[in-house]
Amino acid sequence: MTSAALRSRAWKLLELVTTPLLPSDYLDLVSPLRAGADLRGRIEAVHRETDDAATIVIRPGKGWRGHVAGQYIRIGIDVDGVRLWRAYSVTSPTSRADGRITITVKAIPDGKVSNHLVRKAKPGTVIQLDQATGEFVLPAAKPAKVLYLTAGSGITPVMGMLRDTKFADVVMVHSAPRKEDVIFRNDLHDLVADKALTLVELHTDTDGMLDIAELEKLVPDWAERETWACGPTGLLDAAEEHWAKHGVAERLHMERFRPTVVVAGEGGEVTFGKTGKTVEADGATPLLNIGEEAGVLMPSGCRMGICFGCVTPLKSGAVRDLRTGEITEASDSPTAHVLVQTCVSAAAGPCELER
Amino acid sequence: MTAIDPTAHLTDEQIEELGRELDAIRDEVIASRGEKDAAYIRKVISVQRKLELTSRGILLFSLFPPAWIIGTAGLSVAKIMDNMEIGHNILHGQWDWMRDPKIHSTTWEWDHVSPADQWKHSHNELHHTYTNVIGKDNDLGYGIMRVDEDQKWHPMYLAQPLWNFINACFFEYGIAAYDLELGKNLHKRRRKNPEFVARAKAVGRKIRKQVLKDYVIHPLLSGPSFLTTLAATFTANLIRNLWSHSVIMCGHFPEGVQTFERRSIRGETRGQWYLRQMMGSANISGSKAMHFMTGNLSHQIEHHLFPDLPSNRYAEVAVKVRALFEKYELDYVTGPLPKQVFSAWHKVFRLSLPNKKPKVKTPDRDKELVAA
Ligand SMILES: Cc1cc2nc3c(=O)[nH]c(=O)nc-3n(C[C@H](O)[C@H](O)[C@H](O)COP(=O)(O)OP(=O)(O)OC[C@H]3O[C@@H](n4cnc5c(N)ncnc54)[C@H](O)[C@@H]3O)c2cc1C
Ligand code: FES
């Protein structure tokens with residue numbers, strides 16, 4: 001017998017010993033980061049970056065498979081006893097010697113997880129992790145000229161790239177309200193001093209918002225540059241239009257932190273079949289949030305409609321896609337249920353989800 | 001159904017007001033649920049697992065009498081914790097708000113022969129909805145006993161103290177049978193019902209795993225202590241069964257607890273539902289340790305009012321609930337464990353004999369409602 005087969009035999013036997021629990025239920029008590037466990041991480045340090053941003057140093061469990069610069073991870077952290085999942089870009093380089101990863105979080109007003117991470121998270125806390133994912137990455141073949149267009153906390157995935165890969169010609173246009181709000185300001189200026197980066201730093205409180213039409217003045221050859229952009233919806237929408245208008249849309253790579261929600265309508269009563277809960281939902285709140293509030297175990301991912309980590313069978317009724325307004329109705333077949341993305345769908349009348 | 005309705009002095013308006021006051025108590029707990037509560041249940045789970053592991057470890061040497069005694073005691077406590085404070089309460093969804101998939105009513109499985117999902121159906125959906133409604137709530141007498149003066153007597157009931165004792169010793173099997181509604185489903189016509197067959201198979205699988213673990217694997221691991229470990233796990237299961245049976249009997253059987261007629265719950269309002277839970281349950285008084293070992297089912301009244309509030313909060317809720325009983329001049333049935341156990345058994349013995357039909361009729365809320 002191979003050693004893998006032997007091990008799986010032994011594991012089966014152990015399961016007979018621990019039933020109805022699993023051997024891992026006991027192992028988790030002593031070694032939550034071990035190989036073979038659900039992926040978790042331990043917060044090792046929290047470094048303040050600005051008044052409302054901090055970098056969290058995480059030691060990932062043995063199962064961590066590494067990331068590509070620009071990708072994000074999902075973390076599940078208990079805030080006031082409730083497990084909440086959010087996505088954060090990895091800001092550490094892939095080559096970090098101690099195997100730790102960092103994320104950098106900006107606290108947003110009333111934000112549950114971001115405020116917890118920036119102001120309350122303590123070293124030693126064990127958090128849940130997912131493997132890194134995301135398409136916002138550098139290509140294998142190095143482009144000759146690069147532009148990074150960022151604003152606010154949108155600098156995070158780009159910082160991961162800057163720390164990871166050197167290019168001959170890199171320009172960065174970064175906006176933040178004031179000088180002291182610029183996350184990683186020291187690191188950026190160190191790179192400038194090393195001649196590894198050309199930086200255009202805009203302070204919107206004094207300089208005003210970046211008008212995308214003015215980009216040409218700041219970076220005359222912008223259209224020739226392979227561009228990675230990340231920031232608030234307004235900036236990204238403007239960039240998307242601008243690049244398309246100049247026929248260079250294929251050079252623009254974007255990362256959004258939130259979905260662009262356009263519509264809302266009538267809500268309805270939502271039933272979660274498996275958990276046996278029924279709650280009233282308005283037509284603007286994603287079903288993901290509705291379920292979570294009711295204590296239902298809802299799978300989730302990016303929470304903005306790109307990863308499909310949240311798809312759930314719709315057993316009856318109708319839901320509305322908050323990005324497009326499109327209505328999806330449950331199918332008549334009792335077995336082949338339509339799958340809906342709960343993070344960007346709201347109730348459109350009474351409906352039932354299989355959770 | 002007692003001869004005199006102890007809630008007769010309340011007007012419909014008062015009953016609804018009582019309901020609102022109870023809702024407020026519930027909302028307060030929900031608003032303040034948080035990190036401390038989460039830490040509590042995680043701690044309990046962690047202690048239980050360590051206790052079970054240690055006890056089973058000690059039992060590997062159960063040939064040595066002190067090891068047998070310590071191991072058996074530890075395993076009994078671990079099994080009681082698993083079923084009561086942990087399993088029962090998690091399966092009620094008391095900890096679902098934490099959204100931890102490892103501590104959730106839809107994923108939890110317990111050290112019990114009845115699979116969690118079947119127990120949830122018969123317990124949460126039937127017993128908690130139809131609390132003490134004769135003919136609807138099978139927890140009342142488990143379908144094998146006469147528990148109310150109004151129930152027709154049959155010579156079979158003469159032996160009900162014996163049925164009750166046997167049920168206590170093998171309580172987990174009694175519950176599995178009862179969750180399967182064996183009495184009803186073993187009828188010729190129903191026996192082949194595919195849904196019943198599937199459920200019966202699930203119970204069979206669960207029993208097989210439980211028996212294999214307790215009576216084969218662990219004794220085998222004990223080598224020369226095979227027989228003594230077998231005796232130890234049997235004893236631990238027996239102690240757990242007797243204990244949980246006693247606690248549960250105290251919840252609804254003691255004298256002073258009301259039962260209800262099927263038609264009295266038709267068109268029940270929220271206030272009336274609360275009132276039925278208040279009158280249909282009884283508490284056990286005692287130390288913190290006692291409350292813990294009953295899985296806080298010693299706060300049965302509070303548990304029945306708010307089945308999905310975290311169990312560690314029932315003690316503080318009880319103070320407020322008791323004040324409401326006083327305000328509305330209702331009888332809060334409670335007493336120390338021995339007294340309540342005696343009272344429940346006394347009823348089992350008393351009703352094993354025929355009695356005269358009570359003469360005075362219960363004032364019927366249903367009729368009042370129609371008249372109003
Ligand atoms: C792929 C991806 C990568 C991300 N990377 C990072 C990162 O590196 N650093 C970082 O700080 N954040 C990042 N985010 C955003 C992050 O996941 C959370 O959305 C953010 O931290 C807010 O969560 P919260 O729990 O604090 O707010 P919530 O409690 O969920 O929301 C509070 C309020 O703020 C609004 N809101 C939600 N998200 C945002 C937002 N991004 N900006 C403004 N308002 C918002 C909500 O509509 C709500 O009204 C990323 C998101 C995605 C999808
Ligand atoms: S969570 Fe990613 S698509 Fe819904």
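The values are calculated or read from the model by the stated rules, or taken from the named source; none is laboratory data. In this text, all values refer to a predicted model and were calculated from it rather than measured experimentally. Ideal geometry is used to build each Cβ from the backbone, glycine not excepted, and the neighbour counts take in all protein chains shown. SASA here: full protein model, heavy atoms, side chains in, ligands and nucleic acids out. Shrake-Rupley method; radii C 1.70, N 1.55, O 1.52, S 1.80 Å.
The set of residues in the stretch B:255-285 that are crowded, with 24+ Cβ neighbours inside 10 Å and basic (Lys, Arg) is empty. Output the number of the condition that B:Ala231 fails; it satisfies all remaining conditions of (1) of a type in the set (A, V, I, L, M, F, W, C); (2) open to solvent by 10 Å² or more (accessible area, probe 1.4 Å); (3) under 26 Å from the mean Cα position of the chain (by Cα). Only one criterion in (1) of a type in the set (A, V, I, L, M, F, W, C); (2) open to solvent by 10 Å² or more (accessible area, probe 1.4 Å); (3) under 26 Å from the mean Cα position of the chain (by Cα) is unmet by B:Ala231, namely (3).
Is it true that A:Ala97 is of a type in the set (A, V, I, L, M), under 18 Å from A:Glu44 (Cα atoms), at pLDDT below 95 and surrounded by fewer than 19 Cβ atoms within 10 Å (Cβ to Cβ)? Answer is yes for this residue. With respect to A:Val105, is the statement that it is within 24 Å of A:Arg256 (Cβ to Cβ) and either within 7 Å of ligand 1 (Cβ to nearest atom) or in contact with a strand residue (DSSP E or B) (Cβ under 6 Å, 6 or more places away or on another chain) (or both) true? In short, yes.
In this structure, A:Leu297 does not satisfy being within 15 Å of ligand 1 (Cβ to nearest atom), buried (at least 17 other Cβ atoms within 10 Å of the Cβ) and within 14 Å of chain B (Cβ to nearest Cβ).
When restricted to residues that are under 17 Å from A:Ile58 (Cα atoms) and either charged (D, E, K, R) or part of a helix (DSSP H, G or I) (or both), the stretch A:103-114 contains 3.
Once the stretch B:2-24 is narrowed to residues that are over 28 Å from the mean Cα position of the chain (by Cα) and of a type in the set (D, E, K, R), the residue that is surrounded by the fewest Cβ atoms within 10 Å (Cβ to Cβ) is B:Glu13. Residue count for the stretch A:335-355 under the criterion of being without any contact (Cβ under 8 Å) to a residue 60 or more places away in the chain and either within 16 Å of ligand 1 (Cβ to nearest atom) or touching a helix residue (DSSP H, G or I) at 6+ places or on another chain (Cβ under 8 Å) (or both): the result is 4. For A:Val46, work out the one condition from (1) in contact (Cβ under 8 Å) with a residue 60 or more places away in the chain; (2) among the β-branched types (Val, Ile, Thr); (3) more than 12 Å from ligand 1 (Cβ to nearest atom); (4) in contact with a helix residue (DSSP H, G or I) (Cβ under 7 Å, 6 or more places away or on another chain) it doesn't fulfil. Here A:Val46 meets the rest and fails (4). Listed here are the strands (runs of 3 or more DSSP E) enclosed by the stretch A:1-85 that have at least 2 residues being over 24 Å from B:Glu35 (Cα atoms) and away from chain B (no Cβ under 14 Å): A:40-50, A:72-79. Residues that are buried (at least 19 other Cβ atoms within 10 Å of the Cβ), closer than 20 Å to A:Pro93 by Cα and of a type outside the set (Lys, Arg) do not occur anywhere in the stretch A:214-226.
Residues being within 15 Å of ligand 2 (Cβ to nearest atom) and more than 29 Å from A:Asp237 (Cβ to Cβ): count how many of those fall in the stretch A:313-326. The number of residues fulfilling the criteria is 2. Could you list all residues from the stretch A:105-145 that are farther than 22 Å from A:Glu44 by Cα, assigned by TED's automatic domain parsing to the domain that holds A:Pro60 and open to solvent by less than 20 Å² (accessible area, probe 1.4 Å)? Passing the criteria: only A:Gly111.
Mind checking which residues of the stretch B:49-75 are aromatic (Phe, Trp, Tyr) and either in contact with a Phe, Trp or Tyr (Cβ under 8 Å, 6 or more places away or on another chain) or in a helix (DSSP H, G or I) (or both)?
Within the stretch B:49-75, just B:Trp68 meets the criteria.
Residues that are buried (at least 21 other Cβ atoms within 10 Å of the Cβ), within 8 Å of chain A (Cβ to nearest Cβ) and closer than 25 Å to A:Lys277 by Cβ: does the stretch B:35-53 have at least one? The answer is yes; a qualifying residue exists. Against the definition (away from ligand 1 (no atom under 16 Å from the Cβ), at negative phi and within 14 Å of another protein chain (Cβ to nearest Cβ)), how does A:Lys274 come out, yes or no? Yes.
Cβ-Cβ contacts under 6 Å between residues 6 or more apart (or on different chains), taken from a first residue in the stretch B:80-105 that is on the phi > 0 side of the Ramachandran plot to a second residue that is surrounded by 22 or more Cβ atoms within 10 Å (Cβ to Cβ) and among the aromatic types (Phe, Trp, Tyr), are absent.
Among the numbered conditions (1) within 16 Å of ligand 1 (Cβ to nearest atom); (2) assigned to a loop (DSSP other than H, G, I, E, B); (3) open to solvent by 60 Å² or more (accessible area, probe 1.4 Å); (4) among the charged types (D, E, K, R), the only one that A:Asp332 does not meet is (1).
With respect to A:Ser316, is the statement that it is open to solvent by 10 Å² or more (accessible area, probe 1.4 Å), within 16 Å of ligand 1 (Cβ to nearest atom) and either touching a Leu at 6+ places or on another chain (Cβ under 9 Å) or under 27 Å from B:Gly93 (Cα atoms) (or both) true? Taking the combined requirement at face value, the residue does not satisfy it. On inspection, A:Ala249 qualifies as more than 16 Å from ligand 1 (Cβ to nearest atom) and at pLDDT 95 or above.
Scanning the stretch B:245-254 for residues that are open to solvent by less than 10 Å² (accessible area, probe 1.4 Å) and assigned to a helix (DSSP H, G or I) gives B:His245, B:Val247, B:Met249, B:Cys250, B:Gly251. Residues in the stretch A:79-92 that are within 17 Å of the chain's Cα centre (by Cα) and more than 10 Å from ligand 1 (Cβ to nearest atom) were compared, and the one that is most open to solvent (accessible area, probe 1.4 Å) is A:Arg83. Flag: B:Arg49 does not match the condition of being charged (D, E, K, R) and touching a residue at least 40 places away in the same chain (Cβ under 8 Å).
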